[in-house]
Amino acid sequence: MEQRRLARAQAFTDLVAGAIAGVASLACYGVLWWLLADGGLPLAVGGTAVIAIRTSTAQLTSLVQQVNRLYEELLFLTDTEDAIKVAGENAIPSSGTPLPSPVREVRAEAVSFTYPGARSPSLRNVSVRVPRGKVTALVGANGSGKTTLTKVLAGLLLPTEGTVWWEGESGERVEVREADRAQVFAAVGLLAQDFPRWEMTAAANVAIGIGDRPRDMDRVRKAARDADVLDLIEGLPHGWDSIVFKGYERGVQLSGGQWQKLGTARSRYRQAPFLLVDEPTSALDPHAEIAAFQGLWSLAQEGHAVVLVTHRLAATMNADHIYVLDQGRVVEDGTHDQLMAREGGLYQGMFTAQAAQYGLAPTAGTLPGPRNVQPSEHESAS
Ligand SMILES: Nc1ncnc2c1ncn2[C@@H]1O[C@H](COP(=O)(O)OP(=O)(O)OP(=O)(O)O)[C@@H](O)[C@H]1O
Ligand SMILES: [Mg+2]
(Lines give C-alpha, C1' and ligand atoms only; values in the text may rest on other atoms or scores of the structure.)
(Ligands and ions follow the chains in the order given, each with its own letter.)
Protein backbone atom coordinates (compact mmCIF):
# COMPACT_ATOMS: atom_id res chain seq x y z
CA MET A 1 0.00 0.00 0.00
CA GLU A 2 1.15 3.45 -0.73
CA GLN A 3 1.75 4.70 2.80
CA ARG A 4 1.66 8.36 1.84
CA ARG A 5 -1.77 7.95 0.20
CA LEU A 6 -3.10 6.30 3.36
CA ALA A 7 -1.58 8.89 5.68
CA ARG A 8 -2.97 11.74 3.55
CA ALA A 9 -6.44 10.15 3.59
CA GLN A 10 -6.34 9.68 7.35
CA ALA A 11 -5.18 13.25 7.98
CA PHE A 12 -7.91 14.57 5.68
CA THR A 13 -10.74 12.59 7.26
CA ASP A 14 -9.50 13.42 10.79
CA LEU A 15 -9.56 17.09 9.83
CA VAL A 16 -13.05 16.78 8.32
CA ALA A 17 -14.30 14.87 11.41
CA GLY A 18 -12.88 17.49 13.74
CA ALA A 19 -14.24 20.39 11.70
CA ILE A 20 -17.77 18.94 11.33
CA ALA A 21 -18.00 18.00 15.02
CA GLY A 22 -16.56 21.37 16.10
CA VAL A 23 -18.79 23.54 13.88
CA ALA A 24 -21.93 21.48 14.64
CA SER A 25 -21.48 21.54 18.41
CA LEU A 26 -20.53 25.23 18.37
CA ALA A 27 -23.71 26.07 16.46
CA CYS A 28 -25.85 23.97 18.86
CA TYR A 29 -24.32 25.56 21.96
CA GLY A 30 -24.89 28.99 20.38
CA VAL A 31 -28.60 28.31 19.76
CA LEU A 32 -28.94 26.81 23.27
CA TRP A 33 -27.34 29.87 24.87
CA TRP A 34 -29.66 32.15 22.91
CA LEU A 35 -32.79 30.13 23.92
CA LEU A 36 -31.73 30.08 27.61
CA ALA A 37 -30.87 33.80 27.62
CA ASP A 38 -34.16 34.60 25.87
CA GLY A 39 -36.04 32.69 28.55
CA GLY A 40 -37.69 30.46 25.93
CA LEU A 41 -36.14 27.31 27.39
CA PRO A 42 -36.27 26.14 31.03
CA LEU A 43 -32.84 25.50 32.64
CA ALA A 44 -33.56 21.77 33.26
CA VAL A 45 -34.36 21.25 29.57
CA GLY A 46 -31.18 23.16 28.68
CA GLY A 47 -29.13 20.72 30.83
CA THR A 48 -30.68 17.77 29.03
CA ALA A 49 -29.91 19.45 25.69
CA VAL A 50 -26.20 19.80 26.68
CA ILE A 51 -26.04 16.02 27.32
CA ALA A 52 -27.79 15.37 23.99
CA ILE A 53 -25.34 17.64 22.13
CA ARG A 54 -22.35 15.90 23.70
CA THR A 55 -23.73 12.43 22.86
CA SER A 56 -24.52 13.33 19.27
CA THR A 57 -21.08 15.00 18.79
CA ALA A 58 -19.41 11.76 19.96
CA GLN A 59 -21.57 9.75 17.60
CA LEU A 60 -20.80 12.06 14.70
CA THR A 61 -17.06 11.72 15.37
CA SER A 62 -17.43 7.94 15.55
CA LEU A 63 -19.32 7.94 12.21
CA VAL A 64 -16.55 9.89 10.47
CA GLN A 65 -13.95 7.53 11.98
CA GLN A 66 -15.87 4.54 10.60
CA VAL A 67 -15.90 6.17 7.15
CA ASN A 68 -12.16 6.70 7.57
CA ARG A 69 -11.61 3.01 8.34
CA LEU A 70 -13.81 1.97 5.42
CA TYR A 71 -11.70 4.10 3.08
CA GLU A 72 -8.53 2.55 4.52
CA GLU A 73 -9.86 -1.00 4.01
CA LEU A 74 -10.82 -0.08 0.43
CA LEU A 75 -7.23 0.97 -0.27
CA PHE A 76 -6.02 -2.44 0.98
CA LEU A 77 -8.67 -4.15 -1.18
CA THR A 78 -7.51 -2.26 -4.28
CA ASP A 79 -3.90 -3.22 -3.55
CA THR A 80 -4.90 -6.90 -3.08
CA GLU A 81 -6.74 -6.83 -6.41
CA ASP A 82 -3.67 -5.30 -8.11
CA ALA A 83 -1.41 -7.95 -6.50
CA ILE A 84 -3.68 -10.78 -7.69
CA LYS A 85 -3.67 -9.30 -11.22
CA VAL A 86 0.15 -8.98 -11.31
CA ALA A 87 0.52 -12.53 -9.87
CA GLY A 88 -1.87 -13.90 -12.53
CA GLU A 89 0.13 -12.24 -15.31
CA ASN A 90 3.36 -13.69 -13.94
CA ALA A 91 2.25 -17.24 -13.08
CA ILE A 92 2.72 -20.51 -14.92
CA PRO A 93 -0.60 -21.57 -16.52
CA SER A 94 -2.56 -24.04 -14.40
CA SER A 95 -3.11 -26.50 -17.25
CA GLY A 96 -0.08 -26.57 -19.52
CA THR A 97 2.11 -29.19 -21.20
CA PRO A 98 3.11 -32.14 -18.99
CA LEU A 99 6.80 -32.21 -18.02
CA PRO A 100 9.10 -34.74 -19.72
CA SER A 101 9.41 -37.91 -17.70
CA PRO A 102 11.89 -38.36 -16.20
CA VAL A 103 13.35 -34.85 -16.13
CA ARG A 104 17.12 -34.82 -16.61
CA GLU A 105 17.83 -31.17 -15.89
CA VAL A 106 16.43 -27.67 -15.54
CA ARG A 107 18.16 -25.13 -17.70
CA ALA A 108 17.93 -21.34 -17.64
CA GLU A 109 18.96 -19.65 -20.88
CA ALA A 110 19.74 -15.92 -21.09
CA VAL A 111 17.33 -15.17 -18.26
CA SER A 112 16.72 -11.62 -17.09
CA PHE A 113 14.34 -10.71 -14.32
CA THR A 114 13.08 -7.37 -13.04
CA TYR A 115 10.82 -7.26 -9.97
CA PRO A 116 7.53 -5.43 -10.67
CA GLY A 117 8.07 -1.75 -9.93
CA ALA A 118 11.89 -2.11 -9.68
CA ARG A 119 14.07 0.26 -11.71
CA SER A 120 16.80 -2.19 -12.67
CA PRO A 121 16.90 -5.96 -13.32
CA SER A 122 17.94 -8.31 -10.52
CA LEU A 123 19.10 -10.93 -13.04
CA ARG A 124 20.76 -10.09 -16.36
CA ASN A 125 21.31 -12.62 -19.14
CA VAL A 126 21.85 -15.54 -16.76
CA SER A 127 22.37 -19.08 -18.11
CA VAL A 128 22.69 -22.01 -15.70
CA ARG A 129 22.16 -25.79 -15.79
CA VAL A 130 20.80 -27.79 -12.89
CA PRO A 131 21.23 -31.51 -13.63
CA ARG A 132 19.91 -34.34 -11.50
CA GLY A 133 22.41 -36.29 -9.46
CA LYS A 134 24.60 -33.20 -8.98
CA VAL A 135 25.03 -30.38 -6.51
CA THR A 136 24.98 -26.99 -8.23
CA ALA A 137 26.14 -24.10 -6.06
CA LEU A 138 25.24 -20.43 -6.43
CA VAL A 139 27.59 -18.02 -4.71
CA GLY A 140 28.05 -14.27 -4.75
CA ALA A 141 27.86 -11.13 -2.66
CA ASN A 142 24.69 -9.97 -0.89
CA GLY A 143 22.15 -8.74 -3.42
CA SER A 144 23.89 -10.42 -6.37
CA GLY A 145 20.69 -12.27 -7.35
CA LYS A 146 21.08 -15.79 -5.88
CA THR A 147 17.68 -15.95 -4.17
CA THR A 148 16.00 -14.43 -7.23
CA LEU A 149 17.63 -17.09 -9.43
CA THR A 150 16.45 -19.94 -7.16
CA LYS A 151 12.90 -18.57 -7.39
CA VAL A 152 13.15 -18.36 -11.18
CA LEU A 153 14.45 -21.95 -11.36
CA ALA A 154 11.66 -23.07 -9.02
CA GLY A 155 9.03 -21.50 -11.29
CA LEU A 156 7.90 -19.04 -8.60
CA LEU A 157 9.05 -16.11 -10.73
CA LEU A 158 8.83 -16.15 -14.50
CA PRO A 159 11.74 -14.56 -16.36
CA THR A 160 11.16 -11.11 -17.84
CA GLU A 161 13.40 -12.18 -20.75
CA GLY A 162 14.94 -15.53 -21.66
CA THR A 163 13.68 -19.05 -21.00
CA VAL A 164 13.70 -21.79 -18.38
CA TRP A 165 13.58 -25.30 -19.84
CA TRP A 166 12.70 -28.61 -18.21
CA GLU A 167 14.61 -31.22 -20.20
CA GLY A 168 13.93 -34.95 -20.38
CA GLU A 169 16.37 -37.86 -20.72
CA SER A 170 16.14 -37.91 -24.52
CA GLY A 171 16.47 -34.16 -24.95
CA GLU A 172 12.75 -33.32 -25.20
CA ARG A 173 12.02 -30.06 -23.41
CA VAL A 174 9.19 -27.95 -22.09
CA GLU A 175 9.45 -24.23 -21.44
CA VAL A 176 8.29 -23.32 -17.95
CA ARG A 177 5.67 -20.81 -19.22
CA GLU A 178 3.97 -23.61 -21.13
CA ALA A 179 4.42 -26.32 -18.50
CA ASP A 180 1.75 -27.70 -16.21
CA ARG A 181 1.96 -25.63 -13.02
CA ALA A 182 1.03 -28.47 -10.67
CA GLN A 183 3.70 -30.73 -12.18
CA VAL A 184 6.40 -28.05 -11.91
CA PHE A 185 5.58 -27.34 -8.29
CA ALA A 186 5.33 -31.05 -7.44
CA ALA A 187 8.84 -31.55 -8.82
CA VAL A 188 10.36 -28.71 -6.79
CA GLY A 189 11.25 -28.43 -3.11
CA LEU A 190 12.43 -25.03 -1.93
CA LEU A 191 13.91 -24.17 1.43
CA ALA A 192 13.76 -20.39 1.23
CA GLN A 193 16.08 -18.06 3.12
CA ASP A 194 13.07 -16.64 5.00
CA PHE A 195 10.87 -19.73 5.14
CA PRO A 196 7.59 -19.26 7.05
CA ARG A 197 7.47 -20.33 10.68
CA TRP A 198 3.91 -21.34 11.35
CA GLU A 199 2.37 -20.98 14.81
CA MET A 200 1.29 -24.62 14.72
CA THR A 201 2.47 -27.99 15.96
CA ALA A 202 5.90 -29.38 15.09
CA ALA A 203 4.20 -32.10 13.01
CA ALA A 204 2.17 -29.54 11.05
CA ASN A 205 5.27 -27.42 10.45
CA VAL A 206 6.94 -30.37 8.70
CA ALA A 207 3.89 -31.87 6.98
CA ILE A 208 2.89 -28.50 5.47
CA GLY A 209 5.71 -29.28 3.01
CA ILE A 210 2.97 -31.20 1.15
CA GLY A 211 -0.01 -29.39 2.59
CA ASP A 212 -2.48 -30.75 0.06
CA ARG A 213 -2.01 -34.40 1.08
CA PRO A 214 -2.91 -36.25 4.27
CA ARG A 215 -0.13 -36.24 6.86
CA ASP A 216 2.14 -39.29 6.83
CA MET A 217 3.80 -39.42 10.27
CA ASP A 218 6.33 -42.06 9.20
CA ARG A 219 7.57 -39.73 6.48
CA VAL A 220 7.49 -36.76 8.87
CA ARG A 221 9.73 -38.71 11.29
CA LYS A 222 12.09 -39.78 8.50
CA ALA A 223 12.38 -36.20 7.22
CA ALA A 224 13.08 -35.01 10.78
CA ARG A 225 15.72 -37.73 11.26
CA ASP A 226 17.42 -36.67 8.00
CA ALA A 227 17.35 -33.06 9.19
CA ASP A 228 18.79 -34.03 12.60
CA VAL A 229 15.80 -32.70 14.53
CA LEU A 230 13.94 -35.93 15.39
CA ASP A 231 15.44 -36.40 18.86
CA LEU A 232 14.77 -32.80 19.78
CA ILE A 233 11.08 -32.92 18.82
CA GLU A 234 10.42 -36.36 20.28
CA GLY A 235 12.14 -35.28 23.50
CA LEU A 236 9.64 -32.44 24.04
CA PRO A 237 6.95 -33.08 26.68
CA HIS A 238 4.25 -33.12 24.00
CA GLY A 239 6.44 -34.47 21.20
CA TRP A 240 5.10 -33.83 17.71
CA ASP A 241 2.00 -32.15 19.17
CA SER A 242 4.09 -29.38 20.73
CA ILE A 243 3.28 -25.95 19.34
CA VAL A 244 6.58 -24.52 18.26
CA PHE A 245 5.77 -21.03 19.52
CA LYS A 246 5.88 -19.74 23.04
CA GLY A 247 2.67 -18.33 24.52
CA TYR A 248 0.40 -21.26 23.69
CA GLU A 249 -0.53 -24.25 25.82
CA ARG A 250 1.99 -26.98 24.84
CA GLY A 251 4.09 -24.14 23.38
CA VAL A 252 7.89 -24.29 23.21
CA GLN A 253 10.46 -21.84 21.96
CA LEU A 254 12.90 -23.22 19.36
CA SER A 255 16.28 -21.62 18.70
CA GLY A 256 17.16 -20.22 15.28
CA GLY A 257 19.22 -23.29 14.38
CA GLN A 258 16.49 -25.68 15.58
CA TRP A 259 14.00 -23.82 13.36
CA GLN A 260 16.37 -24.12 10.44
CA LYS A 261 16.52 -27.88 10.95
CA LEU A 262 12.72 -28.00 11.10
CA GLY A 263 12.64 -26.05 7.81
CA THR A 264 15.05 -28.59 6.30
CA ALA A 265 12.76 -31.39 7.49
CA ARG A 266 9.85 -29.64 5.75
CA SER A 267 11.72 -29.48 2.43
CA ARG A 268 12.91 -33.10 2.86
CA TYR A 269 9.33 -34.23 3.50
CA ARG A 270 8.41 -33.16 -0.06
CA GLN A 271 10.87 -35.68 -1.55
CA ALA A 272 10.94 -33.53 -4.68
CA PRO A 273 13.47 -34.42 -7.37
CA PHE A 274 14.64 -30.78 -7.58
CA LEU A 275 15.67 -29.35 -4.24
CA LEU A 276 16.71 -25.72 -3.92
CA VAL A 277 18.14 -24.67 -0.57
CA ASP A 278 18.90 -21.04 0.15
CA GLU A 279 21.37 -20.55 3.00
CA PRO A 280 20.21 -23.72 4.76
CA THR A 281 22.94 -23.67 7.40
CA SER A 282 23.36 -20.01 8.32
CA ALA A 283 22.18 -20.67 11.91
CA LEU A 284 23.68 -24.14 12.44
CA ASP A 285 26.57 -25.05 14.71
CA PRO A 286 29.69 -26.42 12.96
CA HIS A 287 28.86 -30.13 13.46
CA ALA A 288 25.22 -29.67 12.43
CA GLU A 289 26.36 -27.69 9.40
CA ILE A 290 28.71 -30.43 8.23
CA ALA A 291 25.95 -33.01 8.71
CA ALA A 292 23.50 -30.82 6.75
CA PHE A 293 25.89 -30.49 3.81
CA GLN A 294 26.58 -34.24 3.88
CA GLY A 295 22.83 -34.78 3.75
CA LEU A 296 22.58 -32.64 0.61
CA TRP A 297 25.38 -34.55 -1.07
CA SER A 298 23.74 -37.88 -0.33
CA LEU A 299 20.48 -36.56 -1.81
CA ALA A 300 22.37 -35.75 -5.02
CA GLN A 301 23.83 -39.25 -5.01
CA GLU A 302 20.29 -40.61 -4.79
CA GLY A 303 19.48 -38.75 -8.04
CA HIS A 304 18.07 -35.45 -6.81
CA ALA A 305 19.15 -32.18 -8.37
CA VAL A 306 20.39 -29.97 -5.55
CA VAL A 307 20.84 -26.20 -5.86
CA LEU A 308 22.81 -24.88 -2.92
CA VAL A 309 22.99 -21.17 -2.17
CA THR A 310 25.57 -20.49 0.49
CA HIS A 311 28.20 -18.08 1.68
CA ARG A 312 30.09 -20.99 3.31
CA LEU A 313 32.59 -21.61 0.56
CA ALA A 314 34.10 -24.61 2.35
CA ALA A 315 30.89 -26.40 1.30
CA THR A 316 31.08 -25.34 -2.33
CA MET A 317 34.53 -26.95 -2.69
CA ASN A 318 32.79 -30.26 -3.31
CA ALA A 319 29.94 -28.94 -5.48
CA ASP A 320 29.82 -30.41 -8.97
CA HIS A 321 29.45 -26.97 -10.53
CA ILE A 322 29.60 -23.47 -9.09
CA TYR A 323 28.04 -20.33 -10.57
CA VAL A 324 29.36 -17.02 -9.27
CA LEU A 325 26.91 -14.13 -9.47
CA ASP A 326 27.75 -10.47 -9.38
CA GLN A 327 25.13 -7.73 -9.74
CA GLY A 328 22.69 -10.10 -11.38
CA ARG A 329 25.13 -11.65 -13.85
CA VAL A 330 26.95 -14.98 -13.86
CA VAL A 331 30.53 -13.79 -14.01
CA GLU A 332 32.33 -17.12 -13.46
CA ASP A 333 31.41 -20.77 -13.40
CA GLY A 334 33.17 -24.10 -13.06
CA THR A 335 34.39 -26.49 -10.40
CA HIS A 336 36.15 -25.24 -7.29
CA ASP A 337 39.56 -26.10 -8.75
CA GLN A 338 38.81 -24.36 -12.05
CA LEU A 339 37.59 -21.23 -10.27
CA MET A 340 40.54 -21.18 -7.88
CA ALA A 341 42.89 -21.35 -10.86
CA ARG A 342 41.52 -18.02 -12.18
CA GLU A 343 44.05 -15.54 -10.86
CA GLY A 344 42.24 -12.44 -9.57
CA GLY A 345 38.83 -14.13 -10.02
CA LEU A 346 35.86 -13.23 -7.83
CA TYR A 347 35.47 -16.75 -6.41
CA GLN A 348 39.17 -17.04 -5.72
CA GLY A 349 39.05 -13.71 -3.87
CA MET A 350 36.02 -14.70 -1.77
CA PHE A 351 37.38 -18.14 -0.95
CA THR A 352 40.81 -16.82 -0.04
CA ALA A 353 39.32 -14.14 2.21
CA GLN A 354 37.15 -16.69 4.01
CA ALA A 355 39.94 -19.22 4.36
CA ALA A 356 42.23 -16.50 5.68
CA GLN A 357 40.01 -16.11 8.73
CA TYR A 358 41.15 -19.58 9.76
CA GLY A 359 44.77 -18.88 8.86
CA LEU A 360 44.57 -21.38 6.01
CA ALA A 361 45.40 -19.19 3.05
CA PRO A 362 48.57 -17.48 1.89
CA THR A 363 46.99 -14.08 2.61
CA ALA A 364 46.37 -15.06 6.22
CA GLY A 365 49.24 -12.89 7.39
CA THR A 366 47.34 -9.75 6.36
CA LEU A 367 44.29 -10.54 8.49
CA PRO A 368 43.94 -10.25 12.24
CA GLY A 369 43.35 -13.41 14.25
CA PRO A 370 45.02 -15.83 16.62
CA ARG A 371 46.78 -17.77 13.85
CA ASN A 372 48.52 -14.57 12.67
CA VAL A 373 49.98 -13.61 16.00
CA GLN A 374 53.75 -13.78 15.92
CA PRO A 375 55.17 -16.03 18.67
CA SER A 376 56.32 -13.95 21.61
CA GLU A 377 59.95 -13.80 22.53
CA HIS A 378 59.23 -16.04 25.50
CA GLU A 379 57.61 -18.70 23.25
CA SER A 380 60.39 -18.37 20.68
CA ALA A 381 62.99 -18.90 23.34
CA SER A 382 61.36 -21.97 24.83
N1 LIG B 1 10.73 -8.55 -3.79
C2 LIG B 1 11.64 -7.73 -4.34
N3 LIG B 1 11.25 -6.59 -4.95
C4 LIG B 1 12.17 -5.76 -5.51
N5 LIG B 1 13.49 -6.00 -5.52
C6 LIG B 1 13.93 -7.11 -4.93
C7 LIG B 1 13.04 -8.05 -4.30
N8 LIG B 1 13.77 -9.07 -3.79
C9 LIG B 1 15.04 -8.79 -4.07
N10 LIG B 1 15.15 -7.62 -4.76
C11 LIG B 1 16.39 -7.02 -5.27
O12 LIG B 1 17.00 -7.94 -6.16
C13 LIG B 1 18.41 -7.95 -5.99
C14 LIG B 1 18.88 -9.38 -5.76
O15 LIG B 1 18.33 -9.82 -4.52
P16 LIG B 1 18.50 -11.33 -4.02
O17 LIG B 1 17.64 -11.48 -2.82
O18 LIG B 1 18.25 -12.24 -5.16
O19 LIG B 1 20.05 -11.34 -3.63
P20 LIG B 1 20.91 -12.48 -2.93
O21 LIG B 1 22.08 -12.76 -3.81
O22 LIG B 1 20.05 -13.64 -2.57
O23 LIG B 1 21.42 -11.74 -1.61
P24 LIG B 1 21.73 -12.35 -0.15
O25 LIG B 1 23.10 -12.99 -0.21
O26 LIG B 1 21.75 -11.13 0.72
O27 LIG B 1 20.65 -13.30 0.23
C28 LIG B 1 18.71 -7.00 -4.84
O29 LIG B 1 19.18 -5.79 -5.39
C30 LIG B 1 17.39 -6.79 -4.15
O31 LIG B 1 17.28 -5.48 -3.66
MG1 LIG C 1 19.41 -14.44 -0.80
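The values are calculated or read from the model by the stated rules, or taken from the named source; none is laboratory data. On a predicted model such as this, the values are computed, not experimentally measured, just so you know. Neighbour counts run over all protein chains shown; Cβ positions are idealised from the backbone, glycine included. Please note that ligands, DNA and RNA were not included when accessible areas were found on the heavy atoms of the full protein model with its side chains. Shrake-Rupley method; radii C 1.70, N 1.55, O 1.52, S 1.80 Å.
With the cut-off at 28 Å, tell me which of the pairs Lys85/Lys246; Lys222/Lys246; Lys134/Lys222 have Cα atoms farther apart than that.
Those over the limit are Lys85/Lys246.
Quick one: with all protein chains in place, what share of the accessible area of the range 3-89 is carbon or sulfur, to the nearest percent (1.4 Å probe)?
It is 69 percent, rounded to a whole number.
Going out from 0 in 10 Å bins, what whole percent of all Cα-Cα distances in the range 3-89 drops into each bin?
In whole percents, the pair-distance histogram is 15, 31, 21, 15, 10, 5, 2, 0.
Could you derive backbone 3J(HN,Hα) for the range 327-335 from the dihedral phi with the Karplus parameters 6.51, -1.76 and 1.60 (θ = phi - 60°), listing whole Hz in sequence and x where the residue is Gly or Pro?
6, x, 10, 7, 9, 8, 7, x, 7
Just to confirm the filter: which trypsin sites (Lys or Arg not before Pro) across the range 102-150 are DSSP coil and have at most 12 other Cβ within 10 angstrom of their Cβ?
Passing both the DSSP loop test and the Cβ count: Arg119.
Pairs of alpha-carbon atoms within less than 8 angstrom and 6+ residues apart define the contacts here; what relative contact order does the chain have, in percent?
Once divided by the residue count of the chain, the mean separation gives 17 percent.
Which ³J(HN,Hα) values in Hz, rounded to whole numbers, follow from the phi angles of the range 263-273 under the Karplus curve 6.51 cos²θ - 1.76 cosθ + 1.60, where θ = phi - 60° and Gly and Pro get x?
Computed from phi, the couplings for the range 263-273 are x, 4, 4, 4, 6, 5, 4, 5, 6, 7, x Hz.
Hey, what do the phi angles of the range 293-306 turn into as Karplus ³J(HN,Hα) couplings, whole Hz, using 6.51/-1.76/1.60 and θ = phi - 60°, x for Gly and Pro?
Whole-Hz 3J(HN,Hα) from phi for the range 293-306: 5, 4, x, 5, 5, 6, 5, 4, 5, 6, x, 6, 8, 10.
Please state the equivalent ellipsoid semi-axes for the chain: what are the square roots of 5 times the Cα gyration tensor eigenvalues, largest first, in whole Å?
Working from the Cα gyration tensor, I get semi-axes of 57, 29, 25 Å.
Enumerate the amide H contacts of Met200 below 5 Å, restricted to partners 5 or more residues apart or on another chain; note that Pro and chain-start residues carry no placed amide H.
Val244
With every protein chain left in place, what is the accessible area per residue of the range 3-89 in square angstrom, probe 1.4 Å?
Per-residue accessible area for the range 3-89 comes out at 74 Å².
What residues qualify as long-range amide H neighbours of Ile322, i.e. H under 5 Å apart, gap of 5 or more or another chain, H built at 1.01 Å from N?
Here the answer is Ala137, Gly334, Thr335, since their amide H atoms fall under 5 Å of that of Ile322.
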